[in-house]
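Here's the structure, in structure tokens; my notes come after.
Where a number appears in this text, it was derived from the coordinates with a stated rule and is not lab data. These numbers come from a predicted model, not from an experiment. When we count neighbours, we look across all protein chains shown, and the Cβ atoms used for this are built from the backbone with ideal geometry, even at glycine.
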Amino acid sequence: MKKADAVRLFGLNNISLEAEIRRVEAEHKVSLGHTKKRKNEIEEEFYGQFSQRLRDEAEMMARHYVIFYCLENSIRELITERLHELHGDDWWDKAVPQFVRENCKKNYERESTSGMTLRSEQMIDYSTFGELGEILKHNAQTFGDMLRDIAAVGRIFTGLNNLRAPIAHCKVLAEDEVLRLNLALRDWFRQMS
């Protein structure tokens, strides 16, 4: 395993542990003192108008979002670095399945005509979590020295994608689903050679 991959895995493990600490804090309504609360002007003016229940749920769910953000983007980095290393600057056209490229292009074009700031100039940043799995599967030989079993990775991604939906759509994860998220994250790390 490359040093950068080991560091990335270390960081994601720490995020998972911190998420569990925050869950315990929210569940038991205690502060273990590992972070300092900061409020900006908008929070001071508007945040207090939301019910305490919603604020507590949001605090609890924020860590799950952080885990997914780091996981999804670290997978994008892993794919980008490896495929660029092997195929050069046009790796996207050479190594990514056509249906993924087409969907990413549609997502990019939709965003570019919205009048909002583009999230990225990199097409991979317009891919879905499931499409990242398709890129890995399409390049199974390329990632064979990094991932133990592409089929297992596909099953892990399916489970993670199911867990991603409530996080992305602002719904609370049930306690069992939080456990499932942590287990799926561990399963992903185990697949990293």
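Spin-label pair residue 81-residue 189: with each label point 7 Å from Cα along the Cα-Cβ axis, the two points sit 1.7 nm from one another. Projecting label points 7 angstrom from Cα along Cα→Cβ for residue 66 and residue 29 puts them 2.3 nm apart. Shown here for the range 91-191: GluC sites (Glu not before Pro) in loop regions (DSSP other than H, G, I, E, B) with at most 14 other Cβ atoms within 10 Å, namely 121.
When a/c reaches 1.5 or more, the comparison of a/b and b/c decides; with that in mind, is the range 43-109 rounded, prolate or oblate per its Cα gyration tensor? Because a/c hits 1.5 or more and a/b exceeds b/c, the range 43-109 counts as prolate. Placing pseudo-labels 7 Å out from each Cα toward the beta carbon at residue 10 and residue 46 gives an inter-label distance of 4.0 nm.
Straightening the chain between residue 105 and residue 152 buys 14.1 nm, computed as 0.36 nm per residue apart minus the Cα-Cα spacing. The long axis of helix 98-112 is offset from the longest Cα principal axis of the chain by roughly 50 degrees. About the centre of its Cα atoms, the range 3-191 shows a dipole size close to 380 debye [charges on the beta carbon of Lys, Arg (+1) and Asp, Glu (-1) only; nearest 20 debye]. Longest stretch of the chain clear of exposed loop sites (trypsin sites (Lys or Arg not before Pro), DSSP loop, at most 10 other Cβ atoms within 10 Å, sites excluded): 40-193. Here the contact order of the chain, divided by its residue count and restricted to Cα pairs under 8 Å and six or more residues apart, works out to 22 percent. When the helices of the chain are scored as -39500 (n - 2.57) per DSSP H run of n ≥ 4 and the total is divided over every residue, the value at 222 nm lands at -23000 deg cm²/dmol.
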